[in-house]
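Below: the structure, in structure tokens.
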Amino acid sequence: MESQRIDNCEVYLRLRVVRAEGIDDSYLYPYVDNRDYGVLLWISLGEECRTRIVKGFPNPVWNANGTIFLKEYPNIHTFLNLEVLRFRSVNDPGTSKGVAIVGRARIPFPREFNCEKVGCFPLVRDDYKEEDYKVEGDITLCMELKRRK
């Protein structure tokens, strides 16, 4: 994968996905029979990375590190997109592969290089019954915008 050079530097985003909390509450989703979760992250479509799948009742913990190289920073790349996925879920409406999205987030990059952005970011969930979105749960992660000569 080739990354854009700014002042003869490669630009990349260093990530640490820690955990999610408040997803798939057993009172709201009693039909959920399997609670295996992973996170799908991307900057550009087609260039994705994933965490490993972990058991997560009540709250999944990944403590996963990764790096995403940014081909077109700062012209296009300014947000990290992510989805928290539940795997091997046979009871969800609309899923044929046993994968359900339980939360999404779009998080702006840190404003400066070599400065960590750490936080708990809210997750948005599709509500199939009301055809609406609602905030449900959050994900804890750390990201740092870096340059390498």
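Restricting region 92-103 to residues that are surrounded by 13 or more Cβ atoms within 10 Å (Cβ to Cβ), assigned to a loop (DSSP other than H, G, I, E, B) and not aliphatic (A, V, I, L, M), the residue that is modelled with the highest pLDDT is Gly98. The residue of region 36-69 that is modelled with the lowest pLDDT, among those that are in contact with a Phe, Trp or Tyr (Cβ under 6 Å, 6 or more places away or on another chain) and part of a loop (DSSP other than H, G, I, E, B), is Gly56.
Here is the figure for region 14-52: residues that are within 13 Å of the chain's Cα centre (by Cα), of a type in the set (A, V, I, L, M, F, W, C) and over 13 Å from Thr140 (Cα atoms) total 5.
The values are calculated or read from the model by the stated rules, or taken from the named source; none is laboratory data. Just so it is clear, the model here is predicted, and its values are computed rather than measured. Because the Cβ atoms are built from the backbone with ideal geometry, glycine has one as well, and the counts that use them run over all protein chains shown.
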